[in-house]
Structures are given as C-alpha cells and as structure tokens.
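Shown next, in structure tokens, is the structure this report addresses.
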Amino acid sequence: MWKQMLKLRPTAKTFLSCSLGNGKSCSFWYDTWTPFGDLITFLGADEHQRIGLPLDSTVAQAHTGIGWRIRGARTQNMELLLIHLTETTLSENVKDIYLWAKPNGDPQDRFGFSDTWNMCRLSAQQVHWHNQVWFTGSIPKHSFIMWLCCLDRMPTLSRLRNWGIVEDDTCHLCEIYFETKDHLFLTCPYSFDLWRWCLRRLQMPFIDFNTWESFLLWLKSPSNEEKMTPIKLIAAQAVIYSIWHERNARIFTGIRTPVEGLFAQLDRRIRNTCSARHCILKLQDMLMLWFRTSTIAPPPS
C-alpha cells in the first residue's frame, strides 16, 4: 500500500505550492514558489551548475539581502524568471507556508480530500439514480451491488452465455426461466416472494416490478412518511444483495435457503444496520419503523 502511495508523489506535487516568507524552508529548485512551477523542470536539470546554486539550496540561500545570486540570463525561461524575481521579496520574520490547490479558488493552507478528489477524477454526467445508490446510512457492499445493477454490469448467466462462458443460463432460484437481471432480482418467483414479504414488513403496498427502470421509479417515489425513505432504500438494497448472495451460494456451494430463511437473514441484517446507525439524527427512527410489524408472517399467496 505504501509503495502505491509513494507512486502518487508526482501527482501530489502538482497540488502543492509555497507562499514565500523568509524562504528558509522552501527549496529553490524543487518547490513551486513561482508561477512557473518547480525550477528544475522549468530551467532544465543542468541549469544549477551554470548558476552555481546547489540542488539542495533554499530560496533564502539564493538571496543575498540586496539581490539574487543568479547570473545573467542565457535562455528565455531564465529571462522570465529574472523578471519575476525583481518583484519578489523575502520577509525575515515570516515563515514559509505550503498551500494545497483548491478548485475554483485560491490555494489554501489545509488539505481537503473531497476537493482534491474532484480535481483528480474524471468527471461524467450525473446519473438520475445516484441518490438511490449512494445515500447516508447505506451499507457499502449493498450499494456496490446496486451500483453494478444500475450500470447493467452484473454477470448474470444470460450475459455469461452470450459471452460463451456458460452453456446453461437457467435461473438457479426458480430453475424455470432464463437468468437475466430483471428476472433474477425482480420477477423470479423466489425473488417475487421475498419482495412481497419485505414490502409487507414495511407496510407498503406491493408493486409488481417488471423492469429495472420501474423499480428505480418506485425507489425515487416519495413515501407516505418522510422518515420511511432511508429504511425503504436500505431494505431495497438489502433485498438485491440477499438475492445475489443466495444465487451465488446455490451455484458455488450447492446450499439452498428457502425464502423464509433468507428473509430471516435479511431481517437480521437490516436490524443490525438500523442499530449501528442510531447515532445519525435523521436515521434514529429506522429501527422503530422496521419493528412496527415485528411479527414475521409468510408472504400472502
């Protein structure tokens, strides 16, 4: 991990700059204290020999108090530097300050992770379902599976069959229909019963999801009670995750869990999530809302 972090030094260097004070801690050659970036790159790797200024010199060591210890310019870049230095002064009683770049603003003297991430990452158009995938109180592994589903990147058997990896794409939950994303998570009889059971527990009317888009529309639709929105999202993601987990268990281990057993696992998982997030103000009532119908009854036939 540390080796990987050290490889980011060239990237981190582009965010750092130095606001000159007395120049005693700022490297003349390697720090960014001029608008030209680090001078070892701007002037060239051999320029320090002609100037007579060692590579480990500070800015203060390049200044005599009455001027700069730099010989005449022989290149255009050196000429630009000398012009800049005529307007640069050092303050003996002020320390150098290192600044971190900030998007759409001047550099600041503190590190901001979110600002740095927004400057490094490749930006893309915002998707309409982002609030249904990433939200306060979500379970990361559940959100990750949900994210892959929304991107249509789940390796379902139908997709693997199209790639020539498997020959049989029959759903392992119902053993009747082809395993597509919409079938596996929404319309499979096994998943269908789990959804009915979960919605009954949430005291929400059952909606027959036929497509992933209709499922996302239901997630975005407002609930009768505003406080139900977080538990609704958490429960929906937990159902998706549980179905995928059960599907993998049947394929790779041969272990089959009946739908009532899977809902008992789902119920325990949601209880633990609500308990762990009780300190978040807007999520404090989730456990109470989930317990409103505490008697587990089989899905209506």
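Bear in mind that the values in this text are calculations on the coordinates, not laboratory data. None of the values given here were measured: they were computed from a predicted structure. Glycine also receives a Cβ, built like all others from the backbone with ideal geometry; neighbour counts cover every protein chain displayed.
If you take every residue apart from VAL239 with its C-beta less than 15 Å away from the C-beta of VAL239, what net charge results, scoring Lys and Arg +1 and Asp and Glu -1?
Around VAL239, the charge tally is +4.
Taking H placed 1.01 Å from N in the peptide plane, check which residues at least 5 places from SER25 or on another chain put their amide H under 5 Å from its amide H.
ASP96
Using amide H atoms built 1.01 Å from N in the peptide plane, name the residues 5+ places from LEU99, or on other chains, whose amide H lies under 5 Å from its own.
Here the answer is SER17, CYS18, SER19, since their amide H atoms fall under 5 Å of that of LEU99.
Based on a Kirkwood Rh over C-alpha pairs, give the Stokes-Einstein translational diffusion coefficient of segment 130-293 at 37 °C and viscosity 0.692 mPa s in µm²/s.
In µm²/s, the coefficient is 201.
Test of understanding: what is the full-extension gain from ARG71 to GLN126, defined as 0.36 nm times their sequence separation minus their Cα-Cα distance?
14.5 nm
What does the C-alpha gyration tensor say about the overall shape of segment 121-181? Classify as rounded when a/c is under 1.5, otherwise prolate if a/b is larger than b/c, or oblate.
The shape class here is prolate.
Counting other beta carbons within 10 Å of each Cβ, put THR156, THR136 in order, fewest first.
Lowest to highest Cβ neighbour count: THR136, THR156.
List, in order, the whole-Hz ³J(HN,Hα) value for each residue of segment 109-120 obtained from phi through the Karplus relation with A = 6.51, B = -1.76, C = 1.60 and θ = phi - 60°; use x for Gly and Pro.
8, 9, 8, x, 5, 5, 5, 5, 4, 5, 7, 8
Okay, helix-only estimate at 222 nm for the chain: each DSSP H run of n ≥ 4 adds -39500 (n - 2.57), divide by all residues, round to 500 deg cm²/dmol; what do you get?
For the chain, the value works out to -12000 deg cm²/dmol.
Please work out whether segment 77-128 counts as rounded, prolate or oblate from its C-alpha gyration tensor, where a ≥ b ≥ c are the square roots of the eigenvalues and a/c under 1.5 means rounded, while otherwise a/b larger than b/c means prolate and anything else oblate?
Oblate shape, in that a/c is at least 1.5 and b/c is the bigger or equal ratio.
Which of the trypsin sites (Lys or Arg not before Pro) found in segment 135-166 are in a DSSP loop and have at most 13 neighbouring Cβ atoms, other than their own, within 10 Å?
ARG153
Taking H as built 1.01 Å from N, whose amide H comes closer than 5 Å to the amide H of THR58, not counting residues under 5 places away?
Placed amide hydrogens put PHE28 under 5 Å from THR58.
Please compute the length gained on full extension between ILE165 and ARG153, using 0.36 nm multiplied by the number of residues separating them and subtracting their Cα-Cα distance.
2.8 nm
Please compute the Kirkwood hydrodynamic radius of segment 13-120 from all pairs of different C-alpha atoms, in Å with one decimal.
Taking every pair of different Cα atoms in segment 13-120, averaging 1/r and inverting gives 14.8 Å.
Cross-chain or 8 or more residues apart, Cα under 21 Å: how many lysine pairs in the chain fit that? Count them up, please.
Going through the chain pair by pair, I get 14.
Once a ≥ b ≥ c are taken as the square roots of the eigenvalues of the Cα gyration tensor of the chain, is the result rounded (a/c under 1.5), prolate (a/b larger than b/c) or oblate (a/b not larger than b/c)?
Here the chain falls in the prolate category.
Taking θ as phi - 60°, what are the ³J(HN,Hα) couplings along segment 2-16 by the Karplus curve (6.51, -1.76, 1.60), each to the nearest whole Hz, with x for Gly and Pro?
5, 5, 5, 5, 5, 5, 8, 4, x, 5, 4, 4, 5, 8, 8
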